[in-house]
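I have placed the structure first, in the form of structure tokens, so that the comments after it can refer back to it.
The values are calculated or read from the model by the stated rules, or taken from the named source; none is laboratory data. This one's a predicted model, so the numbers in the text were calculated from it and none came from an experiment. Cβ placement follows ideal geometry from the backbone for every residue including glycine, while neighbour counts extend to all protein chains displayed.
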């Protein structure tokens, strides 16, 4: 026989198997994984007879013994330890696996094939010794850009890729537990440790085309994926989970409070500190707020109100500011009524200033202040927070902001506010402060009104 070679591509490595040599009196056997791309070339002379079958591992028997990885583990441990000690290093690293795996097929380290299994076992052993975490996940690359084709049987193609992003999803622990981690962004230039970070190396997942409209041409989004190992030092666990999986982290904290309250309290402090630097959604903040209340952590509550909520107001994208401000107030209210103290009200000043100056929010903020005003101080019967000298200073600060900024509150409706005043009748100081606040608002409304009726 002449010709008839078998071309196999594993990852980005091609291999050509030539059956023609000594084919007059010998047979040839080849085995490869099912996800390898392969092609039988044309026979140019003679005949070829092939027997093709699947090799399938079944049962619970022990897999073939792996090579001794002691030396590799010993070499990896100091590298992971140096990484953990480097505050300027990447927060995580992503290693693409060689083989293709579906979401259902990526079950645990035991489901990995050949070299992938060897790499995972070695990294897992080193991570245990060096204080790091390793997970399985699906790595995704999303490409965007102007497109052409996509009609009359013409395939869609990019004119150019003008933007791309990377993230990991569908998380699994190496011992086989499906995790609740959400999509976690990956910085391709810092957190990726395999060559070939492009669509040619990855499996096509899906595409979406936005048709041309007006002067705007058609645009296309394409997603590619590949199974990966994700590793990070345990000191970066909170920072990583805050980037997309803060809700899962809050769930872990609630469970940890029952097992080890002291350790959970320390982690909670770290979580709240991270909330002041990263962008998360309202659901994640709500989860952390509930943990703060359950742990009765007043110090965390102060930092949450003075740092995390103003950060949320500055960064979180909503279609309207009212929804954003209302979410922040809903998150703050239970903390204020649970932890009434001068320190807590000092932390309130940053949030109040942001709400009044940046978002011109009046009504929800006043309702919050009234709610707090009617909550007796802990351990002090019949004493309200606004009747203490320290907290009166805070209210004066709020009044000053309102009076100076009231001209911008032209949409404020006085009758929406006055109905709340009788509820504060039990405290003369509170009533006086609320009346003064209403007068400030009315002056602002009258100054910006076109008619005396308004």
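Criterion applied to 274, 296 was being more than 21 Å from the chain's Cα centre (by Cα) and either surrounded by fewer than 24 Cβ atoms within 10 Å (Cβ to Cβ) or over 23 Å from residue 337 (Cα atoms) (or both), and the one residue passing it is 296. For residue 94, are the conditions met, namely being touching a strand residue (DSSP E or B) at 6+ places or on another chain (Cβ under 9 Å), surrounded by 10 or more Cβ atoms within 10 Å (Cβ to Cβ) and at pLDDT 90 or above? Against the criterion (touching a strand residue (DSSP E or B) at 6+ places or on another chain (Cβ under 9 Å), surrounded by 10 or more Cβ atoms within 10 Å (Cβ to Cβ) and at pLDDT 90 or above), residue 94 qualifies.
Of all residues in region 1-27, those that are part of a strand (DSSP E or B) have Cβ atoms under 6 Å from Cβ atoms of residues that are exposed (fewer than 14 other Cβ atoms within 10 Å of the Cβ) and modelled with pLDDT under 85, 6 or more apart or on another chain, in 9/37. When the residues of region 97-110 are filtered to those that are touching a residue at least 24 places away in the same chain (Cβ under 8 Å) and closer than 19 Å to residue 202 by Cβ, the one that is surrounded by the fewest Cβ atoms within 10 Å (Cβ to Cβ) is 103. As a summary of the residue check, residue 201 satisfies the conditions (1) surrounded by 15 or more Cβ atoms within 10 Å (Cβ to Cβ); (2) under 30 Å from residue 156 (Cβ atoms); (3) modelled with pLDDT of 85 or more except for the one numbered (3).
Looking only at residues of region 111-120 that are modelled with pLDDT under 90 and in contact with a helix residue (DSSP H, G or I) (Cβ under 8 Å, 6 or more places away or on another chain), we find that the one that is surrounded by the most Cβ atoms within 10 Å (Cβ to Cβ) is 112. Note on region 212-241: residues that are in a loop (DSSP other than H, G, I, E, B) and either surrounded by fewer than 15 Cβ atoms within 10 Å (Cβ to Cβ) or under 17 Å from the mean Cα position of the chain (by Cα) (or both) total 4.
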